[in-house]
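Okay, structure first, notes after.
Please treat every number below as a calculation from the coordinates, not as lab data. Since this is a predicted model, take the numbers as computed values, not measurements. Glycine also receives a Cβ, built like all others from the backbone with ideal geometry; neighbour counts cover every protein chain displayed.
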Amino acid sequence: MEQPRQPFSLQKALRNLYITYEIVWNVFLVFIILLICAACFAFGVGAGYFASLVKNMPVPSYKEMKKDIYNYEETTHIYFANQVYLGSFRSDLEREEVSLKEVSPYVIQAIIATEDEYFYTHRGVVPKAIARALFQEATNSSMRTGGSTLTQQLVKNQILTNEVSFERKAKEILLALRLEHFFKKEEILEAYLNVVPFGRNSSGHNVAGIQAAAKGIFGIDAKDLNLAQAAFLAGLPQSPFGYTPFTSDGQVKKDLSPALERMKFVLKRMKRLGYISQSQYEEALKYKIAQHFAPPQPSPFEKYPWLTMEIEQRSKDILAAVLAQKDGYEKKDLQNNAPLYQEYIAKAEKQLRQNGYDIYTTVDQHIYDRMQSIVAKYPYFGHDVIRTETNQAGQTVQKTEPVEVGAMLIENKTGRIISFVGGRDYHRQQLNHATQAYRSNGSTMKPLLVYAPAMEMGVVQPGSVIPDVELYVSTPSGPYRPKNADRRTHGLVSVRQSLQYSYNIPAVRTYMRTIHQRPIAYLEKMGFTSLTQSDASNLSLALGALTKGVTVEENVNAYATFGNSGTFVDAYLIEKIVAKNGEIVYQHHSNPVPVFSPQTSYLMIDMMRDVIRQGTAASLPSFLKFQADWAGKTGTGQDNKDAWFVATNPNVTFGVWMGYDTPAPLEQTYKGLSYSKRNLLLWAQLMNAAYDVKPSLIAPKQRFNMPGGIVRRAYCSVSGLVPSDSCQKAGLVRYDLYNTKFTPREEDRSLTNGRFVEINGKRYVALATTPREFTKDGIILSKQMLDKLGIKEADAAKLFPDSYTAAEELKENGKRPDSPTARWSNQTLIWSALREPDVIGYRVYRAIHEGASFQMVSAIRAGQPLSFNDGLGSGVYYVTAVDIAGKESSPSNVVVKQTKPAETPTTTKPSSSAPASEDAP
């Protein structure tokens, strides 16, 4: 029997549903619990792994982190005198620090919108960004958005490295959290904007920091960037060299589309985040970015290679000494220890290229520029020299060398280097011919080593007399025979004349009188750094023959001593070095060194005035467009290999050198000018250019002041002593300036009015009995004076003109001279000379006819032609010889002269009436 169907039960259905719900819920709870457990496990593992990654990392303090984030490379800047900006120090990276308030708001908005939109809300990291980055890393996704905040990027750039590893990332996160704890958002943002790279500037140099980027790419400051420019720059840090608009040589890239697309992306982000409106967005897109790029800016090195290299080298030396001093070393330690010196030079160079110093120099920009222009256009250097050389490959090549130049302008009282000329072409020869080239300084050495030291020692004064006659000196290295430039000698000359005409022999003679007192010490006091031990004993040092040479700077600097009243002030180029925090790292302080007394210095100045007035630089005034109280000295190296002129006035000292890098004689004449005049003309043109810029500096109205202790005195020009009556009668009195300590006090006793005899060009003092017909009247210089002057009697006649003389003593032999032998030849009476050295002449006697008395008709001096022809008719003749004492020989044979042409003269014995005694007239 079929059973009846059960009715539907709602209660049962609900119960089943509940059971299902319970099961599902419990399963869900189990899943959640398992998920939580897994998450906790994963978190624990991650936290443990994170802890293991950072467990050995020291936790930096606030001071350490501050030092790190602000320790970014910053460009060092250099300045001309008076804080005129020159440019940046050579570096691989250009960067300028800027405060956040000096940055355009558009830049800040663009950077945040592009790089870190949650910057103002996060605590250093964004967890979901990190998770996303980890997921992309785990899945090796090609679409990577990055997980670094601006804080993390700052940590990576300034504290950590760019290493790609979980350990580095873990440290980055921890340091970012700590950085946010210590620093305000504005401080972090400012530091970031100063360190982030922006590619290249319009000169092709790498730039970092928003200020350097704004200047280098658009030529404006960061505060003046508009919206489009800000967006363009904000897009660069993601790929600085991918998006940069410039190539490494400063050219604009042909394809700017990647950078422009990146700029458009930045603008979209700014619009989406509400920083800009739609209209601003559209207006920025229309901006022609490429039309507003900065033009290429030559670096200071490209425009001023000589100057920037000199500044760099001196700055490194200065900073190396500063750093070494902080470590307890002295300057001499660096000089005597090459490895130590190199260590500190490397440290100094690194700091100069990274620490953003300001270096202030002494160089006047306008004078410097004008001088370089003059040298570039100067047409009188001379022809190039072509040399044949063998290169490293063993090939024979030809090398062209032009005449080079070096010049230096120094302020006397301070030592400031106002300007210099390093050469004609830096790219041909990088040697700075003003500061690094060592050459013989020729006759410009004479004031420095010879005459000023000798005056200081009291050995000579301007009126002192020096014999300019041949000099032979035996030295360990062989005979030394100095010659004057004109290959002549000039007799007795004063020190003033010797310098005025640059005579070499008197300079060497003077140096020989002082060399035992080591005058080379004066050069050492005046900054000569290249002197050798052998230089001190070398007589040719008086003429500039240095073993190594001297630089233009050192030579000019030494001359500035005269312009500074005898006090040496070392020349300098770096005024001060200032750190970016305003601390003065280095400030130049002069250390004056007394070298010469003001009296010696002024006397030297006064003598060097004559060099320009009428001496070897007499053509200079006609080349100058202005007047000043100049005192200077020309100089020529051996074989005319160097041409110098150095001069000083009450304000400045200026010197110019010309020559070939490989020493070779300069052309004697080029375009109608001697090498000396070519050098003087260049000197004058450079000074004229400097005068156009600063006339009051270059041409002071005041003259050198004569100090006390100088007087004008008379001196005898043959001895340098107080003039005697004989000196005055001979017209040999001269006047000059003297240091009162060294005025001549001894009266000249070397000269007497007297008679002398002259035989074959040699002069001898006449005795009281010497017959007058054989003598001349004049001023006679004693043998004692010859000995005092160190002159041999054989050279005595070379000292004087005919109006006065040096006379030797002629010793008579104590007997009457022998009789000469006479004869007729072509109606002329002749006789042979006697060989007796004391014979001073001959007398000719005549009688009208044989048996008549004889009368003297002629006196012939020894050394003259021994002949007589009176043109008279017949007669009888004989000859006698006379010695220095007046003793007369017996008559010669008698020679009879007949008037008839057919007859010839006859000779007979003299008659008894012929005189024969020693007292015969």
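Quick look at the values:
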read-out: Highest-first arrangement of 199-206, 251-258, where packing means the average Cβ count within 10 Å; value: 199-206, 251-258
read-out: Region 675-680 - phi-based ³J(HN,Hα) in whole Hz, Karplus 6.51/-1.76/1.60, Gly and Pro as x; value: 4, 5, 5, 5, 5, 5
read-out: J(HN,Hα) series, region 432-448, from Karplus relation 6.51 cos²θ - 1.76 cosθ + 1.60, nearest Hz, glycine and proline x; value: 7, 6, 8, 10, 10, 7, 9, 9, 4, 9, x, 6, 5, 6, 4, x, 6
read-out: Among 94-102, 493-501, the order from most to least packed when residues are scored by Cβ within 10 Å on average; value: 493-501, 94-102
read-out: Cα long-axis angle, helix 105-115 against the chain (0 to 90 degrees, to the nearest 10); value: 60 degrees
read-out: Taking His589, His433, His490, His383 and counting other C-beta atoms within 10 Å, the order from fewest to most; value: His589, His383, His490, His433
read-out: Long-range HN-HN contacts of Thr743 with modeled amide H, under 5 Å; value: none
read-out: For region 822-908: rounded, prolate or oblate by the Cα gyration tensor [a/c cutoff 1.5]; value: prolate
read-out: Point-charge dipole on Cβ atoms (K/R +1, D/E -1) for the chain, about Cα centre, debye to 20; value: 880 debye
read-out: Interchain or long-range residues, amide H under 5 Å from Gly219's placed H; value: Ala294
read-out: Fewest-first sequence of Thr308, Thr880, Thr743 by Cβ atoms within 10 Å of each Cβ; value: Thr743, Thr308, Thr880
read-out: Charged-residue dipole, Cβ positions (Lys, Arg, Asp, Glu), region 638-792 about Cα centre, Debye nearest 20; value: 360 debye
read-out: Virtual spin-label span in nm between Lys326 and Lys762, 7 Å along Cα→Cβ; value: 7.9 nm
read-out: Packing rank of 172-181, 809-818, where each peptide gets the mean count of other beta carbons within 10 Å, highest leading; value: 172-181, 809-818
read-out: For region 483-578: rounded, prolate or oblate by the Cα gyration tensor [a/c cutoff 1.5]; value: prolate
read-out: Using alpha carbons only: equivalent-ellipsoid semi-axes of the chain, gyration tensor based, whole Å; value: 103, 25, 23
read-out: Evaluated over region 341-468, the Cα radius of gyration and Dmax, each in Å; value: 21.5, 64
read-out: Nearest-ten-degree value, helix 305-326 long axis tilted from longest Cα axis of the chain; value: 80 degrees
read-out: Estimated vicinal HN-Hα couplings, Hz - region 504-510 in sequence order (Karplus 6.51, -1.76, 1.60; Gly, Pro = x); value: 7, 4, x, 5, 5, 4, 5
read-out: Candidate lysines for bridging to Lys887, where Cα separation is under 20 Å - those fewer than 8 sequence places away on the same chain excluded; value: Lys776, Lys811, Lys815
read-out: Percent RCO, i.e. relative contact order, over region 210-314, from Cα pairs under 8 Å lying at least 6 residues apart; value: 27 percent
read-out: Residues with amide H under 5 Å from that of Gly87, placed H, sequence gap 5 or more; value: Ile78
read-out: Only Lys, Arg (+1) and Asp, Glu (-1) charged, at Cβ; region 357-487 dipole about Cα centre in debye; value: 180 debye
read-out: Residue-averaged 222 nm ellipticity for the chain, from DSSP H runs of 4+ at -39500 (n - 2.57), nearest 500; value: -10500 deg cm²/dmol
read-out: Order of Ser717, Ser674 - criterion: other Cβ atoms within 10 Å of each residue's Cβ, fewest first; value: Ser674, Ser717
read-out: Relative contact order, percent, the chain [alpha-carbon distance under 8 Å, six or more residues apart]; value: 8 percent
read-out: Pairs from Lys101/Lys303; Lys641/Lys701; Lys184/Lys253; Lys67/Lys350; Lys303/Lys399 whose Cα-Cα separation, in the structure shown, is over 29 Å; value: Lys101/Lys303; Lys641/Lys701; Lys184/Lys253
read-out: Rounded if a/c under 1.5, otherwise prolate or oblate - region 303-396, Cα gyration tensor axes; value: oblate
